[in-house]
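One structure is given here, and the rest of the page talks about it.
Please treat every number below as a calculation from the coordinates, not as lab data. What you see is a predicted model; the values in this text were computed from it and never measured. So basically every Cβ, Gly included, is an ideal-geometry build from the backbone, and we count neighbours across all protein chains shown.
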């Protein structure tokens, strides 16, 4: 783990979710080990769930596994985009040159709302993104 610190809430990005469920993913061993160490529920947004289902569409049982994690409350969606559109739009504009996705902007916003959180990701862009414009976002990411 890197830069985890004292965070209690884990914000789940698409990469570790896909890597955990797809044995062919290059991050699968790392993601599998981290999932075993983290305390559920992992918190995410619908954009991450949508991306993961799309990326796992050709993996037998992949999409069903994502939904199973939700139904068992291992993963929980706790973000309302309709309530956060202005803040998310501002983040997307600010990081447009970095190619920020909707899911990443939602996770940055979620980290702003939860000071005791870390983003579980394989995405190096979280080293660029800042919460509240200046604060480094704690992450759990591959070395």
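Sorted ascending by nearby beta carbons within 10 Å, beginning with the fewest, 27, 129 become 27, 129. Under 8 Å for C-alpha pairs, at least 6 residues apart: give me the relative contact order for the chain, rounded to a whole percent. Rounded, it is 34 percent for the chain. How many angstrom separate the Cα center of region 109-143 from the Cα center of region 32-107? If you average the Cα positions of each part, the centres end up 14 Å apart.
Taking a ≥ b ≥ c as the square roots of the eigenvalues of the Cα gyration tensor, region 87-143 is oblate, since a/c reaches 1.5 or more and a/b is not larger than b/c. Residues 112, 39 in ascending order of nearby Cβ atoms (within 10 Å, fewest first): 39, 112. Expressed to the nearest 5 percent, the antiparallel share of DSSP beta bridges inside the chain is 15 percent.
Counting neighbouring beta carbons within 10 Å and listing from fewest to most, the residues 83, 46 come out as 83, 46.
Segment residue 135..residue 23, full-extension length gain: 36.9 nm, with 0.36 nm per residue of separation and the alpha-carbon distance subtracted. Calculated FRET efficiency, residue 94 to residue 67, Cβ-Cβ distance, R0 = 41 Å: about 0.80 to the nearest 0.05.
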